[in-house]
Amino acid sequence: MKKITDNRVFWAVMSLLISIVLWVYVTSLESDEFKQTLRGVRVELVGESVLRDSRSLVVTDLSSNTVNVEISGPRRIVASLSADKVTAQIDVSKLSQSAYTSLPYTLNYPNGTDTSNIVVTRKVPDTVSFTVSRMNSKSIPVRGSFNGIVADGYTAEPAVFEPSEITVSGPDAYLRSISYAWVSFGSAQIDTTYSLETGFTLMTDTDAPAATDGITCSADVVKATLPILQKKTLPLTVNLIYGAGANESNTKVVIEPSEITLAGDSSILASMNNIPIATVDLTDFASTFTSKYPVSFDNSLVNISGITEAEVKIEIVGLETKNFTVRNLQCRGLTDGFVADVVSQAITARLRGPAEELDTLNADNILAYADLTDYEITTGSHLIPVTVQVDGSTNCGAIGNTYSVSVEIRKSGLLSSDLSVTRDVPAEPLWEAEEETD
């Protein structure tokens, strides 16, 4: 035995025999039938591009994106496979119309895999359901909101989006539910116009995120701009023309509303301290006045208050009125070579002023004159406005409607019976003023 165990030839023969036995054993194992379940095999559509390009159709709403399959076959082949190396393929290239359908799938193994002895013993599910929809396009508006803070003293106009509309393309079933693109932007406090480029979310008409499978958009981002305007509150004012005793001390003015808030460019607002809405001549009324006026301003400004008109109330206190018959009527500003006759005999003028001063007025204090400067070479009979002048009193004056007299203008040197004949106006007035009590 010692000779045998020490013999190299013996060990060589033994090694060969052992190798043969091991080879026979391993070979028998690899050829054994082996069963394996592949879980989460990815579903893959084949022929989608043909379906889309030639028929304008697209597949949506897969009932399952993965499947579980059980396969059996030689251990050496089946044991080497895993779910991430196998795909479940569905050929959709032959579909021709919109419909909801189900199709079986076939397993696609890695290149070089001997599939002749692989058997699929179980599929879960057996088929995959999906919808075939027609491709279409439509335009949707871009909407959104600013999520930051507008600083005090400023206001924001509605956000502006560029583009203002986006074209979405995809399956009809999904397009019908898409209503608008929503942009949410900004987070800081701002006091100047703010802009940035950002993405958007497709939304349904119920304000929920829309399904976007197979949807493409004409733009991936939009430029969102929030215009910022400065705010300023300005008082409303009335320009007053004082007269007939009315002055700052005895005139009360109330404007309702008294102010308005505007928004706009700071360079425009900086030069504005008030907004005048009217000019009122205090000689047009006796003691009280009420009227409404529109509130107008630069068209580039925004009316935050929404006020479009204001009511003006004016009261003159401490003064009284008195009627006078004025017979002292004259003409002024007559063109050389012409003369004028005042046909009217008198006018009734209403004067306002402090009671004690009105009582001191007499015929010599009141004069009414017609200014003929603008009539130049005009001839004939004219009704001409006159100005009532009160001499010797700065606190009394005529109020009310415009007074007028009839004047006949003629060339000098002709008889008054002819329209072309005139005479010189006497240097002294032809009539005097008489006081007439109220």
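Pairs, please: C-beta under 9 Å, at least 6 apart or cross-chain, first residue open to solvent by 50 Å² or more (accessible area, probe 1.4 Å) and in segment 328-355, second of a type in the set (D, E, K, R)?
Partner pairs satisfying both residue conditions: ARG332/ASP371; VAL343/GLU408; GLN345/ARG327; THR348/GLU436; ARG350/LYS322; ARG350/ASP438.
Here's a check for you: in segment 326-336, which residue that is in a strand (DSSP E or B) and among the hydrophobic types (A, V, I, L, M, F, W, C) is farthest from LYS252 (Cα to Cα)?
Among those residues, the one meeting the criterion is CYS331.
Are any residues in segment 161-178 in contact with a strand residue (DSSP E or B) (Cβ under 6 Å, 6 or more places away or on another chain) and under 26 Å from THR60 (Cβ atoms), and if so, which ones?
Within segment 161-178, GLU165, ILE166, THR167, VAL168, SER169, PRO171, ASP172, ALA173, LEU175, ILE178 meet the criteria.
With segment 1-112 as the region, which helices (runs of 4 or more DSSP H) entirely inside it contain at least 1 residues that are of a type in the set (S, T, N, Q) and at pLDDT below 90?
2-5, 8-30, 48-55
Conditions: (1) open to solvent by less than 60 Å² (accessible area, probe 1.4 Å); (2) more than 27 Å from the chain's Cα centre (by Cα). GLY148 meets all but one. Number of the miss?
(2)
What number of residues within segment 193-207 satisfy the criterion of being touching a Ser or Thr at 6+ places or on another chain (Cβ under 9 Å) and open to solvent by less than 50 Å² (accessible area, probe 1.4 Å)?
The number of residues fulfilling the criteria is 5.
Out of the residues in segment 130-166 meeting the condition of being among the basic types (Lys, Arg) and under 30 Å from SER93 (Cβ atoms), tell me which one is modelled with the highest pLDDT.
LYS138
Identify the single condition in (1) in contact with a Phe, Trp or Tyr (Cβ under 6 Å, 6 or more places away or on another chain); (2) closer than 30 Å to SER300 by Cα that ALA211 does not satisfy, given that it satisfies every other one.
Of everything listed in (1) in contact with a Phe, Trp or Tyr (Cβ under 6 Å, 6 or more places away or on another chain); (2) closer than 30 Å to SER300 by Cα, ALA211 misses just condition (2).
Does segment 158-192 hold any residues that are open to solvent by less than 80 Å² (accessible area, probe 1.4 Å), in contact (Cβ under 8 Å) with a residue 24 or more places away in the chain and assigned to a loop (DSSP other than H, G, I, E, B), and which are they?
The answer is ALA159, PRO163, SER177, ILE178, SER179, GLY186, ALA188, ASP191.
Taking the criterion of being modelled with pLDDT of 50 or more, surrounded by 13 or more Cβ atoms within 10 Å (Cβ to Cβ) and touching a Phe, Trp or Tyr at 6+ places or on another chain (Cβ under 9 Å), would at least one residue in segment 420-435 satisfy it?
Among the residues of segment 420-435, not one is modelled with pLDDT of 50 or more, surrounded by 13 or more Cβ atoms within 10 Å (Cβ to Cβ) and touching a Phe, Trp or Tyr at 6+ places or on another chain (Cβ under 9 Å), which makes the answer no.
Hey, could you check segment 213-248 for residues that are assigned to a loop (DSSP other than H, G, I, E, B) and either touching a Leu at 6+ places or on another chain (Cβ under 6 Å) or without any contact (Cβ under 8 Å) to a residue 24 or more places away in the chain (or both) and say which is surrounded by the most Cβ atoms within 10 Å (Cβ to Cβ)?
Only one residue tops the list, namely GLY245.
Take segment 365-404 and flag every residue that is among the β-branched types (Val, Ile, Thr), part of a loop (DSSP other than H, G, I, E, B) and either in contact (Cβ under 8 Å) with a residue 12 or more places away in the chain or on the phi > 0 side of the Ramachandran plot (or both).
Of everything in segment 365-404, those that are among the β-branched types (Val, Ile, Thr), part of a loop (DSSP other than H, G, I, E, B) and either in contact (Cβ under 8 Å) with a residue 12 or more places away in the chain or on the phi > 0 side of the Ramachandran plot (or both) turn out to be ILE377, THR378, THR379, THR402.
I need the full set of residues from segment 271-289 which are without any contact (Cβ under 8 Å) to a residue 60 or more places away in the chain, open to solvent by less than 50 Å² (accessible area, probe 1.4 Å) and of a type in the set (Val, Ile, Thr), in order please.
ILE275, ILE277, VAL280
Since MET135 meets every condition but one in (1) open to solvent by 60 Å² or more (accessible area, probe 1.4 Å); (2) touching a helix residue (DSSP H, G or I) at 6+ places or on another chain (Cβ under 7 Å); (3) assigned to a strand (DSSP E or B), which condition does it not meet?
If we test MET135 against (1) open to solvent by 60 Å² or more (accessible area, probe 1.4 Å); (2) touching a helix residue (DSSP H, G or I) at 6+ places or on another chain (Cβ under 7 Å); (3) assigned to a strand (DSSP E or B), just (1) comes out false.
Could you check segment 280-325 and list, in sequence order, the residues that are part of a strand (DSSP E or B), farther than 30 Å from ALA346 by Cβ and charged (D, E, K, R)?
Residues satisfying the conditions are LYS292, GLU309, GLU311, LYS313, GLU315.
The values are calculated or read from the model by the stated rules, or taken from the named source; none is laboratory data. These figures come from a predicted structure and were not determined experimentally. Heads up, the Cβs are rebuilt from the backbone with ideal geometry, glycines too, and the neighbour counts pull from every protein chain shown. When the accessible area is computed, the model is the full protein with side chains, heavy atoms only, and any ligands, DNA or RNA have been set aside. Shrake-Rupley method; radii C 1.70, N 1.55, O 1.52, S 1.80 Å.
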